[in-house]
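As structure tokens, the structure follows; a few thoughts come after it.
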């Protein structure tokens, strides 16, 4: 983003200390520190409010004479050969290339892919909550969660919660994910995004968890709630015309368990730009973009499925096995960032460089819990397909 002229310096933000994993009783199990991120990979890991980042992106775009932003302009039709896109008011926009980054509900994905690819229910519901940090700062037990900016992951039976400070410690962001069958609120459909005030469902759902989680649930006011969905890898990201291409969640949606959705879309954009600059032929450029990005995005999505399984275990032998594996810096560690090989692969990647075949090698996936321990053992075969290690 810095190379695109996006101003991050003026945004209120926190530099992350890393990811901390805690069990549902409050015991710290694993720290994945980010104290070496800037030295090793060239930039800090920031906690930034989504709205602030969007503003910074918009400001950078508006300052570029080559970019025009059109709002309230829903695309309703494509001409794949021209190429062109038509919006609701009847205007056609023509160009050399159409990039469709219209999200998991993409209207054009099936046409580009050559066959239908419907989003798949992952079995989880997500809550996104923002609370003022002031009450946490006034509580001696909760103050460290603001003053020491770790992304804290509390893991427990059929749920986990994540919390970290935003805007220089003014706000505290909370993400809570629970399985459908343990969600105490009103059922939510696949296409629904529910904005509501806390009715006590989270307080009741986490009444037996450690005190910090209970306190965060009690602070919950307004929240956003939705079902998490993804799908397996598409056959293609580029239309046969060689003039229309997919980017972001339209071609690789993933659960938020690695905080990589927007990051992978940004990598898409950087690699697409590099491919276009490297190749004179548009078709060859888009082919290179797809070759570079498909395996990498799929691997990240697969790891969100692996994390989902391990984060939500009940206490028992598999949970004990998980806690032991979390202590070791090797490929069996189910926590993505706790294995330095995967951490380097993720953070050390320069999406602006087109890599050769050997340079595009992908680390092995961590193992999965036993079938008997999985809280998703009654879901469909997509889970097995999504975590197949053959890329």
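List of remarks:
- Selection status of residue 146, over 21 Å from residue 201 (Cα atoms), surrounded by 19 or more Cβ atoms within 10 Å (Cβ to Cβ) and touching a strand residue (DSSP E or B) at 6+ places or on another chain (Cβ under 8 Å): yes
- Selection within the range 318-333 - in contact (Cβ under 8 Å) with a residue 40 or more places away in the chain and surrounded by fewer than 12 Cβ atoms within 10 Å (Cβ to Cβ): 327
- Count of the range 25-51 residues which are at pLDDT 95 or above, in contact with a helix residue (DSSP H, G or I) (Cβ under 9 Å, 6 or more places away or on another chain) and in a helix (DSSP H, G or I): 3
This table checks each residue for (1) surrounded by 15 or more Cβ atoms within 10 Å (Cβ to Cβ); (2) under 20 Å from residue 246 (Cβ atoms).
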| position | (1), (2) |
| --- | --- |
| 68 | no, no |
| 74 | no, yes |
| 81 | no, yes |
| 87 | yes, yes |
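- Only listed residue being touching a helix residue (DSSP H, G or I) at 6+ places or on another chain (Cβ under 8 Å), at pLDDT below 95 and closer than 25 Å to residue 165 by Cα, chosen from 8, 2: 8
- Residue list for the range 81-129, restricted to those being part of a loop (DSSP other than H, G, I, E, B), under 20 Å from the mean Cα position of the chain (by Cα) and on the phi > 0 side of the Ramachandran plot: 103
- Within the range 199-220, the set of residues being surrounded by 15 or more Cβ atoms within 10 Å (Cβ to Cβ), more than 25 Å from the chain's Cα centre (by Cα) and in a loop (DSSP other than H, G, I, E, B) comprises 209, 210.
- Condition met for residue 176 (touching a strand residue (DSSP E or B) at 6+ places or on another chain (Cβ under 9 Å), assigned to a loop (DSSP other than H, G, I, E, B) and within 28 Å of residue 51 (Cβ to Cβ)): no
- Single condition residue 184 does not satisfy, out of (1) in a loop (DSSP other than H, G, I, E, B); (2) under 21 Å from the mean Cα position of the chain (by Cα): (2)
- Selection status of residue 196, out of contact with any helix residue (DSSP H, G or I) (no Cβ under 9 Å at 6 or more places or on another chain), within 25 Å of residue 51 (Cα to Cα) and in a strand (DSSP E or B): yes
- The lone exception for residue 242 - which of (1) within 23 Å of the chain's Cα centre (by Cα); (2) touching a residue at least 40 places away in the same chain (Cβ under 8 Å) it fails: (1)
- Going through (1) free of Cβ contacts under 8 Å to residues at least 24 places away in the same chain; (2) exposed (fewer than 15 other Cβ atoms within 10 Å of the Cβ); (3) closer than 27 Å to residue 10 by Cβ one by one, residue 162 falls short only on (2).
The values are calculated or read from the model by the stated rules, or taken from the named source; none is laboratory data. Only a predicted model underlies this, so the values are computations on that prediction, with no experimental measurement involved. FYI the Cβ positions are ideal-geometry reconstructions off the backbone, even for glycines, and counts take in every protein chain you see.
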